[in-house]
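So the structure is just underneath, and the comments pick up after that.
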Amino acid sequence: MSEASAVFRFPPLGPRLVFFTGGTALRDLSRELISYTHNSVHLVTPFDSGGSSATLRRAFAMPAVGDIRNRLLALADGTVVPASVLQFCASRLPEVSETSGDPQPLRRHLQAMGNKAHPVWATMPALFADALRLHLNFFLQRMPEDFDPFRACLGNLVLAGGYLHHKRLFGPVLAFLSRLLQTRGVVLPTVSESLHLAAYLEDGSLVVGQHHFRNLGSAVRQLFLTVHEPDRDGLDQKEHTPCRPPLAPNAITYLRSAGAICYPMGSFYTSLLANLLPKNVGRTVAEAQCPKIFIPNTGCDAELHGLTVAGQAAVILRQLREDAPDAPTEALLQTVLVDSRNGRYEGGLSAEERATFARMGVKLVDRPLVREQEPQRHVPELTAAALLELTGNRLAE
């Protein structure tokens, strides 16, 4: 427990902080939050389309599970769960295919891991080894003959195995892993459908696939979800009709009972705004009677293309109003949390920018969040303390 956590008073589970999130930007803050609350909720984007996630998605037409696995591990209780279990769930298969180009050796290696006698299980207590091996075998039983497991994350395969075994439902496998890892919080995908992130850019071009957002040619004009796979040849732009799946019912339940709703740091479009695309997000957020807080990125976010902090807040509000058109600003976003001293924000925080926030009806709150030597990184202890202060958890006298 950090020094800051000792000066806060909380109910037994702590405050319910609900995050719209994805990627790794919130990983360190998630770990820090365990010291303050075991009641945080992480609504995670399942739209990743690069690397080994792409291979899994092509093979099974399923949502991406990498960010879900990453957040489960961040919230795991390392004082209870053996390090060998956490290492297994985070580890990737060796890169033997990199030089040979033949996936067969990796497939044989992976198949051998389904056997109880495989050395990977030797360092784990039987309770953990048996449970993980069972779910790995769920995957192996369904693994296509041409599946290439190059750089596959074992935790992702366990998640995929449970998802497929339970008839493409996330609930049972997430409940299993949450119990096994003793996660101090809740992790849920925002939607259960297998969809991909896409955008029309200001230059008129179309981008399909989250992995392409690292190198956008111009600013995003419209972000949307599509059933079409990335890198598909011969697909006309007109075929990419935006679709809006409903927000997962459990996510609605948690939002309605939130002690605070946070739009946290992370790649702006692929980690944050992607989670606001489903139907019912704006309406549910507007109905929740709690603080709504935006923590913008400090440092460089290649997705922004000059979009200032106030511009980012406006985009968040515009997206939430897709299904809550009459919601007042204060029902959707009340506070933007920044560090004007050491933070490095797109476009800066000039007097004009601050006046824009005032006109929007959004409060700019300035707190220590980053260190001068590391402007790209939010310090978990500082960010957690500032966030908890804004949620009404006061310092002890």
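Some points to look at:
- Residue check for Leu93: open to solvent by less than 20 Å² (accessible area, probe 1.4 Å) and under 29 Å from Leu277 (Cβ atoms): no
- Any hit, the range 88-103, residues being modelled with pLDDT under 95, touching a strand residue (DSSP E or B) at 6+ places or on another chain (Cβ under 9 Å), within 26 Å of Ile68 (Cα to Cα) and of a type in the set (A, V, I, L, M, F, W, C): yes
- The range 346-397, subset of a type in the set (Ser, Thr, Tyr) and in a helix (DSSP H, G or I), residue least open to solvent (accessible area, probe 1.4 Å): Thr383
- Checking each residue in the range 333-345 for being part of a loop (DSSP other than H, G, I, E, B) and buried (at least 20 other Cβ atoms within 10 Å of the Cβ) picks out Leu333, Asp339, Gly343, Tyr345.
- Residue in the range 284-299 that is among the aromatic types (Phe, Trp, Tyr) and open to solvent by 10 Å² or more (accessible area, probe 1.4 Å) present: no
- Selection count, the range 104-117, where residues are over 24 Å from Ala175 (Cα atoms) and open to solvent by less than 40 Å² (accessible area, probe 1.4 Å): 3
- Among the conditions (1) surrounded by 21 or more Cβ atoms within 10 Å (Cβ to Cβ); (2) at negative phi, Glu145 misses just one, which is (1).
- Annotation for the range 204-227: at least one member residue is closer than 21 Å to Leu169 by Cβ, open to solvent by 10 Å² or more (accessible area, probe 1.4 Å) and modelled with pLDDT under 95.
- In the range 160-187, the residue that is least open to solvent (accessible area, probe 1.4 Å) out of those that are farther than 22 Å from Gln87 by Cα and within 19 Å of the chain's Cα centre (by Cα) is Phe170.
- Residues of the range 74-90 satisfying the condition of being in contact with a helix residue (DSSP H, G or I) (Cβ under 9 Å, 6 or more places away or on another chain), farther than 26 Å from Pro230 by Cβ and in a helix (DSSP H, G or I): Ala74, Leu75, Ser84, Val85, Leu86, Phe88, Cys89
- Residues that are in contact with a Leu (Cβ under 9 Å, 6 or more places away or on another chain) and either surrounded by fewer than 18 Cβ atoms within 10 Å (Cβ to Cβ) or without any contact (Cβ under 8 Å) to a residue 60 or more places away in the chain (or both), drawn from the range 65-79: Ala74, Asp77, Gly78
- For the range 148-159, the candidate set comprises residues that are in a loop (DSSP other than H, G, I, E, B) and either open to solvent by less than 10 Å² (accessible area, probe 1.4 Å) or at pLDDT 95 or above (or both); within that set, the residue that is nearest to Ser84 (Cα to Cα) is Ala152.
- Of the strands (runs of 3 or more DSSP E) contained entirely in the range 215-332, those carrying at least 3 residues that are closer than 25 Å to Leu33 by Cα and hydrophobic (A, V, I, L, M, F, W, C) fall at 260-263.
The values are calculated or read from the model by the stated rules, or taken from the named source; none is laboratory data. This one's a predicted model, so the numbers in the text were calculated from it and none came from an experiment. Reconstructed Cβ throughout: ideal geometry from the backbone, glycine too, with neighbour counts over all protein chains shown. Surface areas here come from the heavy atoms of the whole protein model, side chains and all, with no ligands, DNA or RNA. Shrake-Rupley method; radii C 1.70, N 1.55, O 1.52, S 1.80 Å.
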